[in-house]
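A.B. asks: Structure in structure tokens, see below.
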Amino acid sequence: MEGTVNEKTRSLETQPLFPLLISMAIPGLLGTFTTYLYRTVDQIFVGNFVGRNALGGISVLSPFNNIIIALSLFITVGGASMISLAMGKNNYERANKLFSNVVIQAILMAVIVSVCFYVFAEPFVSLCGAKEGTETYEYALIYLKIIVFGQVFNMLNQGLAAIIRAEGAAKYSMFANIIGAVCNVVLDYILVCIAGMGVAGAAIATVASQVMGAGVSAASSRGKCGPGHGG
């Protein structure tokens with residue numbers, strides 16, 4: 001595995017700039033785009049099979065998704081850039097430490113965010129525009145209190161995906177995100193359409209899909225720039 005990683009890292013130094021930019025940018029954009037699909041897919045299924053109020057409950061939580069994406073980028077973009085610099089200098093010991101730091105920070109940040117949003121779910125939903133006592137408010141509360149349990153895996157997946165891209169394996173990163181998105185579609189159909197679990201089913205499908213995506217990213221990143229690489 002180490003030899004494969006070194007070959008990919010060296011290819012970043014030798015390939016022509018424009019083809020290299022395209023080969024890295026397209027998988028990166030597609031992989032990032034799939035992170036927006038979780039809520040979109042939930043909205044499609046809930047809007048068609050549960051109702052307008054349920055759809056409104058998910059829609060008002062768009063600030064939550066924006067906060068999670070912003071925090072994920074805050075941790076991963078800088079960390080991945082530093083890992084790229086370290087690997088470019090063949091300083092794999094520093095890359096190992098940076099890898100661990102990104103993963104630990106992503107997990108800690110996700111735990112803090114999840115606890116805060118779970119504890120303060122009611123005022124946050126009200127702040128997002130859902131009036132207390134309405135069906136929209138209740139649906140939003142149900143959805144939020146479930147999806148917070150998936151944010152550790154979500155942010156971990158984003159961190160690992162950024163690291164995988166940093167060492168030149170952009171397609172692996174895209175694949176990990178696509179696996180989660182596809183899993184979400186399948187589970188939404190099973191839990192919302194077949195099992196009739198409504199908004200709760202859509203939220204559970206999202207959490208399960210984020211667990212799946214994080215698992216694929218973890219498997220792909222093992223042995224790349226993490227522990228054991230280079231020494």
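The values are calculated or read from the model by the stated rules, or taken from the named source; none is laboratory data. What you are looking at is a predicted structure, and each value in this text was computed from that prediction instead of being measured. In this analysis, Cβ positions are derived from the backbone assuming ideal geometry, glycine residues included, and neighbour counts consider all displayed protein chains. When the accessible area is computed, the model is the full protein with side chains, heavy atoms only, and any ligands, DNA or RNA have been set aside. Shrake-Rupley method; radii C 1.70, N 1.55, O 1.52, S 1.80 Å.
A.B. asks: Computing the accessible area with a 1.4 Å probe over protein heavy atoms, can you report the carbon and sulfur percentage for the stretch 85-214?
C.D. replies: Working: 4020 of 5850 Å².
Solvent-exposed carbon and sulfur of the stretch 85-214 make up 69 percent of the total.
A.B. asks: Which one of Ala80, Asn91, Gly129 has its Cα pushed farthest toward the positive end of the charge dipole of the stretch 75-155, where Lys and Arg give +1 and Asp and Glu give -1 at the Cβ?
C.D. replies: Value: Asn91.
A.B. asks: Given a Förster distance of 30 angstrom, what is the FRET efficiency for Val77 paired with Val182, based on the Cβ-Cβ distance and rounded to 0.05? All intermediate terms of the calculation are to be shown ahead of the outcome.
C.D. replies: Values: r = 25 Å, r/R0 = 0.85.
Here the calculated transfer efficiency is 0.75.
A.B. asks: Label points 7 Å out from Cα along the Cβ direction at Leu127 and Cys193: separation in nm?
C.D. replies: A separation of 3.7 nm, rounded to one decimal place.
A.B. asks: Would you mind getting the accessible area per residue of the stretch 53-207, heavy atoms of the protein chains only, 1.4 Å probe, in Å²? Kindly include the intermediate steps, with their values, before the conclusion.
C.D. replies: Numbers: 6910 Å² over 155 residues.
For the stretch 53-207, the solvent-accessible area averages 45 Å² per residue.
A.B. asks: For the stretch 59-114, rounded, prolate or oblate, judged on the Cα gyration tensor with a ≥ b ≥ c (square roots of eigenvalues), a/c < 1.5 rounded, else prolate if a/b > b/c? Can you show the working numbers first?
C.D. replies: Numbers: a/c = 6.12, a/b = 2.38, b/c = 2.58.
The shape class here is oblate.
A.B. asks: Could you tell me how far the Cα centroid of the stretch 150-216 sits from the Cα centroid of the stretch 75-134, in Å?
C.D. replies: Value for the Cα centre distance between the two parts: 16 Å.
A.B. asks: Can you tell me the length gained on complete extension of the stretch Val115 to Asn101, counting 0.36 nm per residue apart and subtracting the Cα distance? Write out the running numbers ahead of the final one.
C.D. replies: Numbers: separation 14, 0.36 × 14 = 5.04 nm, distance 2.11 nm.
That pair, Val115 and Asn101, stretches by 2.9 nm at full extension.
A.B. asks: Using a ≥ b ≥ c from the Cα gyration tensor of the stretch 131-198 (square roots of the eigenvalues), is it rounded, prolate or oblate, where a/c under 1.5 gives rounded and otherwise the larger of a/b and b/c decides, a/b for prolate? Walk me through the intermediate numbers first.
C.D. replies: On the way: a/c = 4.14, a/b = 1.90, b/c = 2.18.
Oblate.
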